[in-house]
1. Does residue 14 satisfy the condition of being modelled with pLDDT under 85 and out of contact with any strand residue (DSSP E or B) (no Cβ under 8 Å at 6 or more places or on another chain)?
2. I'm trying to understand the selection: among the residues of the range 1-16, which are surrounded by 15 or more Cβ atoms within 10 Å (Cβ to Cβ) and within 16 Å of residue 57 (Cα to Cα)?
3. Give the range 50-74 a look and list any residue that's assigned to a helix (DSSP H, G or I) and in contact (Cβ under 8 Å) with a residue 40 or more places away in the chain, or say none.
4. Condition first: at pLDDT 85 or above, surrounded by 12 or more Cβ atoms within 10 Å (Cβ to Cβ) and on the phi < 0 side of the Ramachandran plot. Can you find one or more residues in the range 25-39 that meet it?
5. Only residues that are under 10 Å from the mean Cα position of the chain (by Cα), farther than 10 Å from residue 41 by Cα and without any contact (Cβ under 8 Å) to a residue 24 or more places away in the chain: list them for the range 5-21, please.
């Protein structure tokens, strides 16, 4: 589970970095005119974030991880 979370965070940061690169590049790549690269990178980031959240919820429901901190109801 820890490796999945680490991989998801790396994927999220990587897609943010790619979006930053495409934003700073202005959509003008060497001979290419595909301006939707930044939007696609941000969409992948949202997808990775949702996938990470769902995986954490499933792991909690299956008992792979246990919540800590303030008990519920107090």
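The values are calculated or read from the model by the stated rules, or taken from the named source; none is laboratory data. On a predicted model such as this, the values are computed, not experimentally measured, just so you know. Virtual Cβ from ideal backbone geometry, glycine too; neighbours counted across all protein chains shown.
1. no
2. Within the range 1-16, 8 is the sole residue that qualifies.
3. Across the range 50-74, the qualifying residues are 51, 52, 55, 56, 59.
4. Looking for residues that are at pLDDT 85 or above, surrounded by 12 or more Cβ atoms within 10 Å (Cβ to Cβ) and on the phi < 0 side of the Ramachandran plot, one finds none in the range 25-39, hence no.
5. Listed by number, the residues that qualify are 7, 10, 13.
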